[in-house]
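Asks: First the structure, then my questions, so here it is.
The values are calculated or read from the model by the stated rules, or taken from the named source; none is laboratory data. If you're wondering where the values come from, they're calculated on a predicted model, not measured in any experiment. We place every Cβ from the backbone using ideal geometry, glycine too, and count neighbours over all the protein chains shown. For the accessible areas, the whole protein counts, side chains as well, though only heavy atoms, and no ligand, DNA or RNA atoms are used. Shrake-Rupley method; radii C 1.70, N 1.55, O 1.52, S 1.80 Å.
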Amino acid sequence: MKIKNLLLPALSVMLLATACKKTETIEPPAQANNRILSYKVTNVPDAAVYGAIDDDKGTITLILPYYYFLTAIQPEIKVSEGATVTPGNGILIDDITKKLTEGTSVAYVVTGKDGSKATYNLVLTTQQPDIAVDELSPDPANPLVLYHSDPSTFQFNFFSITGKNFIPQQESLGIFSTISYLNEQGTVVYTAVNGDNFTNSIGTAVPSAAQLPAGLYRIRVTSYTRSATMKNPVKVETL
């Protein structure tokens, strides 16, 4: 029993020595001095819209409320101390509708005070619901025939496209739906800007022969930032 009692103090000293070992502090790596710290859009009627910044991927993801119908954005950009950014803080980014529908990119280049550079790509999207179009040709083997309009005789042949979630025209903002005709290779041959559209229907005229050669086409509707293409073709001919 005496031997056991002698071992207990020795064991306590060893445990205390282990517990009192010096802890090393590891400093976090220094932040790069060519970063975008915040990105917010200020030309909106309510609270500013912030972009989500990913330094590793070099992206700024910006989700715009579609009901603002923005055609340009004016961002307020904060960068690392001593850094500069191009395009600069407050510079308007226009043609937003085109950038959203065609995927045109915007890149910001940040130059740190040490001369190092970093590029951030702006990833734009909106909360607009997807649109849908009803087929004009229920049977792809028997496409609906649309006859060319003839402006020289003031003969315009009209037809309607139905679907859902179209954005009614915002004339004061310059926002209109467009009707595009895609050939069999998927190339857009002609696009008409349309000012006569409602939530579930769009009225439009068949293009003239000078604008659109006779042939088979699939029709695409673009309404603000969303597009939908008919699966079945229509046949355009001269009457």
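Asks: Can you pull the accessible area of SER152 for me, 1.4 Å probe, Å² to the nearest 10?
Replies: 90
Asks: Report the calculated FRET efficiency for ALA192 and THR42 (r = Cβ-Cβ distance, R0 = 35 Å), to the nearest 0.05.
Replies: Given R0 = 35 Å and the Cβ-Cβ separation, E is 0.50.
Asks: From the convex hull of the Cα coordinates of region 132-237, what is the mean projected area in square nanometres?
Replies: So the Cα hull casts an average projection of 6.6 nm².
Asks: Once you charge only the Cβ atoms, +1 for Lys and Arg and -1 for Asp and Glu, what is the size of the charge dipole of the chain about its Cα centre, to the nearest 20 debye?
Replies: The calculation lands at about 1320 debye.
Asks: For region 132-237, what does the accessible surface come to per residue with a 1.4 Å probe? Please give it in Å².
Replies: I get 51 Å² per residue for region 132-237.
Asks: Check SER208: other-chain or 5+ apart residues with amide H under 5 Å from its amide H, H built from backbone geometry?
Replies: Amide H to amide H, under 5 Å and 5 or more residues apart or across chains, SER208 pairs with SER149.
Asks: Mind sorting out which of [x] 51; [y] 22; [z] 30 is the real percent of Cα pairs over 30 Å apart computed from the coordinates?
Replies: Correct label is [x].
Asks: Per residue of region 75-87, in order, report the coupling 6.51 cos²θ - 1.76 cosθ + 1.60 (Karplus, θ = phi - 60°) as ³J(HN,Hα) in whole Hz, putting x for Gly and Pro.
Replies: x, 9, 10, 10, 10, 4, 4, x, 8, 10, 9, 10, x
Asks: Quick check on the chain: helices-only [θ] at 222 nm, where DSSP H runs of length 4 and up contribute -39,500 (n - 2.57) each and the sum goes over total residues. Nearest 500, please.
Replies: Mean residue ellipticity, 222 nm, calculated: -3500 deg cm²/dmol.
Asks: OK, next. Return the long-range amide H neighbours of ILE131 (sequence gap of 5 or more, or a different chain), with a cut-off of under 5 Å between placed amide H atoms.
Replies: SER227
Asks: Additional query: Given region 36-126, what percent of its DSSP beta bridges are antiparallel, to the nearest 5?
Replies: If I count the DSSP bridges inside region 36-126, around 75 percent turn out antiparallel.
Asks: What dipole magnitude, in Debye to the nearest 20, does region 45-187 give about its Cα centre under +1 on Lys/Arg Cβ and -1 on Asp/Glu Cβ?
Replies: Here region 45-187 has a charge dipole of around 340 debye.
Asks: Right, something else. Once both axes come from the Cα atoms, what is the angle between helix 2-19 and the longest principal axis of the chain, in degrees from 0 to 90, rounded to 10?
Replies: Rounded to the nearest ten degrees, it is 40.
Asks: Could you report the accessible area of ASP130 in Å², rounded to 10, computed with a 1.4 Å probe on the protein chains as they sit in the structure?
Replies: Roughly 110 Å² of ASP130 is accessible to a 1.4 Å probe.
Asks: Return the single residue from ALA141, ALA83, ALA48 with maximal mean-square fluctuation; model: Gaussian network over the chain, springs between Cα atoms under 10 Å.
Replies: Comparing ALA141, ALA83, ALA48 in a Gaussian network model of the chain, the most mobile one is ALA141.
Asks: Shifting gears a bit: I'd like the carbon and sulfur percentage of the solvent accessible area for region 174-239, probe radius 1.4 Å, heavy atoms only, ligands and nucleic acids excluded.
Replies: C and S fraction of accessible area: 51 percent.
Asks: A further question on this structure: Output ³J(HN,Hα) for region 231-239: one whole-Hz value per residue in order, computed from phi by the Karplus curve 6.51 cos²θ - 1.76 cosθ + 1.60 with θ = phi - 60°, and x for Gly and Pro.
Replies: Whole-Hz 3J(HN,Hα) from phi for region 231-239: 7, 9, x, 10, 10, 9, 9, 9, 5.
Asks: At 1.4 Å probe size, with no ligands or nucleic acids counted, give the accessible surface of PHE198 in Å², nearest ten.
Replies: The value for PHE198 is about 120 Å².
Asks: Using a Cα-Cα cut-off of under 19 Å, which aspartates and glutamates could be cross-linked to LYS235, ignoring same-chain neighbours fewer than 8 residues away?
Replies: ASP134, GLU135, ASP139, ASP150, GLU184
Asks: Just grab the label-to-label distance for ALA107 and ASN89, each label 7 Å out from Cα along the Cβ direction, in nm (one decimal).
Replies: 2.4
Asks: Please give the length that would be gained between ASN183 and SER152 if that part of the chain were fully extended, namely 0.36 nm times their separation in residues minus their C-alpha to C-alpha distance (nm, one decimal).
Replies: Value of the extension gain: 8.6 nm.
Asks: Something else: Work out from phi, with θ = phi - 60° and the Karplus expression 6.51 cos²θ - 1.76 cosθ + 1.60, the ³J(HN,Hα) of each residue of region 128-144, listed in order in whole Hz, and give x for Gly and Pro.
Replies: 3J(HN,Hα) across region 128-144, in whole Hz: 5, x, 5, 9, 9, 10, 7, 5, 7, 10, x, 10, x, 7, 10, x, 4.
Asks: Roll a 1.4 angstrom probe over the protein heavy atoms and tell me the percent of accessible area of region 73-150 that is carbon or sulfur.
Replies: 48
Asks: Please list, ordered by chain and number, the residues whose modelled amide H lies under 5 Å from the amide H of VAL79; skip anything fewer than 5 residues away on the same chain.
Replies: Hits under the 5 Å cutoff: LEU37.
Asks: Pull up the DSSP beta bridges for region 127-239 and report the antiparallel fraction as a percent, rounded to 5. Working shown, then result.
Replies: Values: 28 of 32 bridges.
Antiparallel: roughly 90 percent of the beta bridges in region 127-239.
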